[in-house]
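Every number in this text was worked out from the coordinates using simple rules, so none of it is lab data. Treat the numbers as computed from the prediction; the structure is a model and nothing was measured. Glycine also receives a Cβ, built like all others from the backbone with ideal geometry; neighbour counts cover every protein chain displayed.
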Amino acid sequence: MLIHLRYLLAAPFLLTAVVGVPAGSKVLSSYLYRREVRDGTFDWAGEFRDSFTQTAVLWPTALAVVLFAVFWWMTTAWPKIALVPSVPALFGGLIYGLFDGWEHAAAGAAAPVVAFGLAWIAAQIVVRPVSGAVRRSAVEVAVGLRGGGRLRIQSRRLLLDRLPAPVHPMSPVGRVALRFDRIRGVEAGVVRTPAQWRLANTSELTITPGPVLRIIGGGQEWLLPVDDAEGTARFVSERARVRATPDPRPPLDSGRWFHAKLLWELADQEPPVRNTQKVNHGNRWAALIISALTTPMALYSAYRIFTDGWSYLVGVLVFGAIAWGATHVWFRQGIVYKLTEENPVSPLADDPDPRRVPVTGWSPQSMTLGRTSDL
């Protein structure tokens, strides 16, 4: 199936999750209130239209639409983005539920669950089943690892996340990535005995007996316990061949290498005490939340300048400055972390030897690269 058709089939679920759920929750809340006071006939259509004039519905919905437009390819983020407009409905329902009955609380609690589920279904429509069109497209596809962890096959790179905590407490990142243009080998194989595999950020994967995917490039070597190792290897190889784009690194004396150089120094080091805490990137996400909250305030203040006078210029300046600063922090930290994730090994290091046996019990598996289907 063509990828554009998949997006068209997923669109109703996304629209319902982002627009229908928060508006519907607001309408249901109004209906429950009107029913209690016995205030005549309820206008469902009129209440639905009026719900978009409410700040608690309009601004979060607009923000979610913008996020979907920006991250149209990142299907793993869709369920989280769908929570943006439904979380206000959750809090509003819980607050009303304290005074007006459990129905309000139940309606509010159902909103994020329904929105999350609809967005998840939309993501599955786009990425499953995996066809030739999906393999050659930019859409992100996630593959689970046995024993925990996730391989995200993105537009220009591979990303490993949800990994165990890095063994070394000084490791600055909890994820590692590998750009397609740096991949030198993709191989499916089998491991017959349990083993541990340490990644460049010092996270350790438990390799259980079964199919394994081996990827070499950028000075890294990944050994990933994937059930469909052959299919995933074919997927990675085809997308790398179609979508690999060179991405020049900054000079090594650039300050953006600070975290990466710290990680390089940890190579082959055993910490005196093994770390059990996952890497905390809370500051970056706090900056994003502050930006998301203050940007609408700045825009609203700008709107009020034209309707109520220049006194709202103070709000534009204050909220605008906070939003700009938070966005700048989020963007700069994102660049630094992305560079570290994609270069956990020095660019000057050689790639591991593909002829080397990575772990005891490893044996390569022959792959059959047949024709790919667009169906």
Legend entry - Segment Arg156-Asp253, length gained on full extension (0.36 nm per residue, minus Cα span): 32.4 nm
Inset, instruction - Using +1 at the Cβ of each Lys and Arg and -1 at the Cβ of each Asp and Glu in the stretch 214-304, identify which of Thr245, Ala287, Gln277 lies farthest towards the dipole's positive end. - result: Ala287
Legend entry - Most fluctuating residue given options Leu348, Leu224, Leu160, as computed from a GNM of the chain linking Cα atoms under 10 Å: Leu348
Legend entry - Two-site label geometry, Arg304 and Ile335: point separation in nm, points 7 Å out along Cα→Cβ: 3.4
Legend entry - Relative contact order (%) - criterion: Cα under 8 Å, at least six apart; region: the chain: 17
Inset, instruction - Note down the nm distance, to one decimal, between modelled labels 7 Å out along Cα→Cβ at Ala142 and at Arg128. - result: 1.2
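Output the relative contact order of the stretch 81-235, whole-number percent, from Cα pairs under 8 angstrom with separation of 6+ residues.
Working: 272 pairs, mean separation 22.6, N = 155.
Contact order relative to length: 15 percent.
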Legend entry - Test item: Cα-centred dipole of the chain, Lys/Arg +1 and Asp/Glu -1 on Cβ, debye: 700
Inset, instruction - Describe numerically, in nm with one decimal, the distance between label points set 7 Å from Cα along Cα→Cβ at Lys278 and at Met170. - result: 2.4
Legend entry - the chain - mean residue ellipticity at 222 nm from DSSP helices (-39,500 (n - 2.57) per run, n ≥ 4, rounded to 500): -17000 deg cm²/dmol
Inset, instruction - Go through 248-257, 326-335 and give me the packing order, highest mean Cβ count within 10 Å leading. - result: 326-335, 248-257
Inset, instruction - Eight or more residues apart or on different chains, and alpha-carbon atoms under 22 Å: count the Lys pairs in the chain matching that. - result: 6
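Kirkwood hydrodynamic radius (Cα pairs, Å) of the chain?
Result for the chain stands at 23.6 Å.
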